[in-house]
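Working notes for the structure below.
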Amino acid sequence: MIKFARNIALLAAVFSFSASAQTVQVRTLDQAGAESVLQAAKENARKRNAPSAIAVVDFAGDLLAFERMDGVRSASAELAIEKGRTAARLQRPTQEVEDSINHGRTAFVTAGIMSLRGGVPIVVNGKVVGAVGVAGRNKETDAGIAKEAADVVSSAAVANEP
């Protein structure tokens, strides 16, 4: 009888949770947003006279949009994708990873992640929805282009909030 009562109490507890407590709202970066980021990065790279490879990824690090501008080294394509992937998955700029390594956190070197500047998360309402990776001229230019491109979607989303 005690087991029966305990089971009934357990079932009552399980069914008393509301459905809203069992759902999660997830924001994602759609194709239009990815194209906006890509376009902003290309324009910024042109202004800086810094041909670049540019990759835009979703929150899991999967590629949504990519372009390799004329005059960019072929290795930059893979670097841009990996920078974006790392920024999305770690939910922080790759500059922080590079800085951690430079300050003695050498375990990052063996972690199989990109540790070069130029990857920046795209944040909407405090949540990472994707990232942009840029590889081309040099680390400062790559990081600057990526940050400005990521800010295009982040600031647009804030402006569109009710």
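The values are calculated or read from the model by the stated rules, or taken from the named source; none is laboratory data. Because the structure is a prediction, the values reported are computed rather than measured. Positions of Cβ are backbone-derived with ideal geometry, glycine not excepted, and every protein chain shown enters the neighbour counts. Just the protein is used for accessible areas: all its heavy atoms, side chains included, with ligands, DNA and RNA removed. Shrake-Rupley method; radii C 1.70, N 1.55, O 1.52, S 1.80 Å.
What tally of residues in the range 144-156 results from selecting those that are of a type outside the set (V, I, T) and touching a Ser or Thr at 6+ places or on another chain (Cβ under 8 Å)?
Adding up the residues that qualify gives 1.
Among the residues of the range 31-41, are any more than 12 Å from D142 (Cβ to Cβ) and over 19 Å from the mean Cα position of the chain (by Cα)?
Initially, the range 31-41 is screened for residues more than 12 Å from D142 (Cβ to Cβ), giving 31-40.
After this cut, where a residue has to be over 19 Å from the mean Cα position of the chain (by Cα) as well, the list is none.
No, the range 31-41 contains no residue that is more than 12 Å from D142 (Cβ to Cβ) and over 19 Å from the mean Cα position of the chain (by Cα).
Within the range 88-96, can one find any residue that is farther than 21 Å from D58 by Cβ, in a helix (DSSP H, G or I) and in contact with a Leu (Cβ under 7 Å, 6 or more places away or on another chain)?
Looking through the range 88-96, none of the residues is farther than 21 Å from D58 by Cβ, in a helix (DSSP H, G or I) and in contact with a Leu (Cβ under 7 Å, 6 or more places away or on another chain).
Which members of the range 59-87 meet the condition of being of a type in the set (G, A, S) and either part of a helix (DSSP H, G or I) or open to solvent by less than 60 Å² (accessible area, probe 1.4 Å) (or both)?
A60, G61, A65, A75, S76, A77, A80, G84, A87
Give me a count of the residues in the range 90-125 that are hydroxyl-bearing (S, T, Y) and either touching a Lys or Arg at 6+ places or on another chain (Cβ under 9 Å) or crowded, with 17+ Cβ neighbours inside 10 Å (or both).
Total meeting the criteria: 2.
I'd like the full set of residues that are surrounded by fewer than 21 Cβ atoms within 10 Å (Cβ to Cβ) and either small (G, A, S) or on the phi < 0 side of the Ramachandran plot (or both), limited to the range 41-57.
K42, E43, R46, K47, R48, A50, P51
Note down all Cβ pairs under 9 Å where the first residue falls in the range 105-125 and is farther than 16 Å from K83 by Cα, the second is part of a loop (DSSP other than H, G, I, E, B) and not polar (S, T, N, Q), and they're at least six residues apart or on different chains.
Taking only residues 6 or more apart or on different chains, the pairs are V124/R27; V124/L29; N125/R27; N125/E161.
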